[in-house]
1. Among the numbered conditions (1) within 16 Å of the ligand (Cβ to nearest atom); (2) buried (at least 20 other Cβ atoms within 10 Å of the Cβ); (3) within 22 Å of residue 305 (Cα to Cα); (4) not acidic (Asp, Glu), tell me where residue 382 comes up short.
2. Considering only residues of the range 194-211 that are over 12 Å from the mean Cα position of the chain (by Cα) and among the aliphatic types (A, V, I, L, M), which is farthest from residue 306 (Cα to Cα)?
3. Does residue 259 meet the test of being crowded, with 16+ Cβ neighbours inside 10 Å and either within 30 Å of residue 221 (Cβ to Cβ) or touching a Gly at 6+ places or on another chain (Cβ under 6 Å) (or both)?
4. Restricting attention to the range 427-437, does a residue exist that is closer than 24 Å to residue 293 by Cβ and touching a Leu at 6+ places or on another chain (Cβ under 6 Å)?
5. For residue 163, state whether it is at pLDDT 90 or above, assigned to a strand (DSSP E or B) and in contact with a Phe, Trp or Tyr (Cβ under 8 Å, 6 or more places away or on another chain).
6. Listed residues 314, 400; which is within 16 Å of the ligand (Cβ to nearest atom) and within 27 Å of residue 198 (Cβ to Cβ)?
7. Condition check: crowded, with 17+ Cβ neighbours inside 10 Å and within 16 Å of the ligand (Cβ to nearest atom). Does residue 231 satisfy that?
Amino acid sequence: MRVSKMFGKTQRDDPAEAELPSHKLMLKAGMIYQASAGIYAYLPMAWRSLRKIERIIREEMDAAGGQELRMPALQPREIWQQSGRDAAYGPDAFRLQDRRDRQMLLAPTHEELLTNIVKANVLSYRDLPLILYQIQTKFRDEPRPRGGLIRVREFDMKDAYSFDADDVAFDASYQAMVQAYKNIYARCGLDAIMVQADSGAIGGKDSHEFILLADSGEDTIVLCPSCGYAANAEKAAVRKSPLPAEEPASTEEVATPGVGTIEELSEFLDIPSAKTLKAVFYMADGRLSVIVIRGDLEVNEIKLHNALDATDLRLASPGEVKEAGIVAGSASPVGLDGVHVVADDSVELGANFVVGANKEGHHLKNVNYPRDFTADILTDIALAAEGDACIDCATPVETRRGIEVGHVFKLGILYSEVFDATFPDQNGDRHPISMGCYGIGVGRLLAAAIEQHHDDRGMIFPGPIAPFDVHLLALNADNEDVAKAAEALYAQLGEAGFETLFDDRTDTAGVKFNDADLLGLPIRVVVSPRNLKQDVVEIKLRSSDDAVTVAPDEALGKIRELLGA
Ligand SMILES: [Zn+2]
C-alpha cells in the first residue's frame, strides 16, 4: 500500500479528547473515527489489524473443535424476558420496536438465542459435546463509554458457547477454551493473566477473566506474590484479621459531639477503626438495606449486589435514610426494627465494637454480634485491599490495574433450564445440557495490545497483528535513484509475501520518521540518497533503537531474519 493513496490521515498533535494511550494513538494515526460516544468506525489501518486478530481467534477456536456460525444482533425481546435478563441488563440493553409494535432488543450477548437453536438441533446424547462460536457485532448501552475502543457501545466480539452432557465433560470443554484463549493472547503478543472473576449479568456459578496488567486499566486485580492467587477485586476474597479476644462487656452510650465519620470516631475515642462498625445504606430494588461492616473495611458493591440478588442497587439518598428513622453520622444496626440488615462477616471477628446510637452526637460502646443486633444476611461483602492476607496462604496481597481482554463462564444448566434445552441419554432419560460461554472483544484486544506496546513516540505493534509488516520509507522520493531503488524493494517485498506500507510521499524525512514511529509497524526500511551513495539501505525494528545497514539486494533476507519469517 502506498501512503500517498492510503485512506486515513495521521495528525501531528495529540487529540485533546483522548486520555488513554491507545485512544490517543489510534486517533492520531487515523485508525478510528468516532461516530458518537462509544461508537467508532474502523478506518483501513485499524481494520487490517482487527482482521488479523479475528483470523488468529478463528484458527484457535477451530483448533479447539469450535464450529463457526452467525446469529442475528436483532432479537425478539421475549426470550430475554423469559431468562430474566431483560431486567438484569436494565438500561444497558438497547431496545426498540418494529412496525408491528413487537418488542425487539439489540443483543449484548447470545446465550438465549443459541440455547434455543441448540435445543432444536441436539436430539440425542450423540450430538454432544458441541462448541459453537461467532464473531459478530454486539450492543451495550454503557453508562460511561470511554477510552476509545476499550469501553464502547457497539463492538465486535467473538462469543463461543460449549454444550456438554454433564459437568465432567464440561470441564474438558472449559479447559480447551482456556487453552485456546492462552494461545490467542500469546499469538497476539499479549501477556495476559487468568484471574477469578465475578460473573455479572451473564450469570452462572464461576468465571475467569483474562487480564492485561496496565496502569490505564479500569479493573483492579488482587495478586498473591507467593501462591499465585489472582482475582478481580470485584470477586477477590482475603483473610480478615481477627481482633484480640475479649469478654463481651455491657453496652453503654457515650456522647460523641461533632463525630460523623469512622476516622473522627476512632480519633475521638482513641481506638483503631477496626474496633468500630460502620453502617451504610443502599436501596436494593426499592428496598432500604443497612449494610454493616467493620470500620477498617470497605463495602464491595459487586459482592453486595450478589448477596442481595438485586437488579438495581444504589446508595440510598439522605432523605430515604432519614425516612427510615435513621440518624446519619450516628447510624446503627442496633435497635432497628423492620429494616433489612446485611452484615459483613467481619462483625464476627471482634468484640465490644463501637457503633452509632442512632441518636444525634451519640455512639454505643461494647456492641457485640449477634447479642446486640442481628443480620438478615451475614456474608463476605468486603473489598480486598493491598496488603490484606491472601485467602489461600496469608501472604500480603498486591493490587494492580488491568484491562479485561477475555471472560470465560461456567454457566452450568442456568439457560438450559430456562429454555428446557435437554437431551435424552442412552436410556432415554432427559437431562439439561451443561453450558459454558467464552468472550473476547476484538476491538478491545487491539486497544489493549496498544496499551501494552507503545512508547512516547507511538505504537509498537506485535508482528502478528500489525496492519503491515514493513514500513518502507523513501526519503527525497523525487530523487530518481531513491525512487527506483525504493520501487524495486517495494515490488520485491510484495512478491515475497510481506505486507508493506510504502511511504512514497514527497514530505520531509522528519514527517516520515514521525509517522513511522507513530504507526509502529514492526520493521522500518529507509531508502535515502545518503544511504544509496554507500550502496546500502537502513533497516530497523520499531522495538529497537539500533538500525543496521545492508546492501539493497540483501534487504529481503535481513527483513526475513528480523521478522522470524
Ligand atoms: Zn497466596
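The values are calculated or read from the model by the stated rules, or taken from the named source; none is laboratory data. Values in this document were obtained by computation on a predicted structure and should not be read as measured data. Please note: Cβ atoms are built from the backbone with ideal geometry, for glycine as well, and neighbour counts cover all protein chains shown.
1. (1)
2. Across the range 194-211, the extreme among qualifying residues is 202.
3. Taking the combined requirement at face value, the residue does not satisfy it.
4. No, because not a single residue in the range 427-437 is closer than 24 Å to residue 293 by Cβ and touching a Leu at 6+ places or on another chain (Cβ under 6 Å).
5. The answer is no for residue 163.
6. Just a single option satisfies the conditions, and that option is 400.
7. It is true that residue 231 is crowded, with 17+ Cβ neighbours inside 10 Å and within 16 Å of the ligand (Cβ to nearest atom).
Conditions (1) of a type outside the set (Phe, Trp, Tyr); (2) assigned to a helix (DSSP H, G or I), marked per residue:
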| site | (1), (2) |
| --- | --- |
| 494 | yes, yes |
| 502 | no, no |
| 512 | yes, yes |
| 517 | yes, yes |
| 525 | yes, no |
| 531 | yes, yes |
| 535 | yes, no |
| 540 | yes, no |
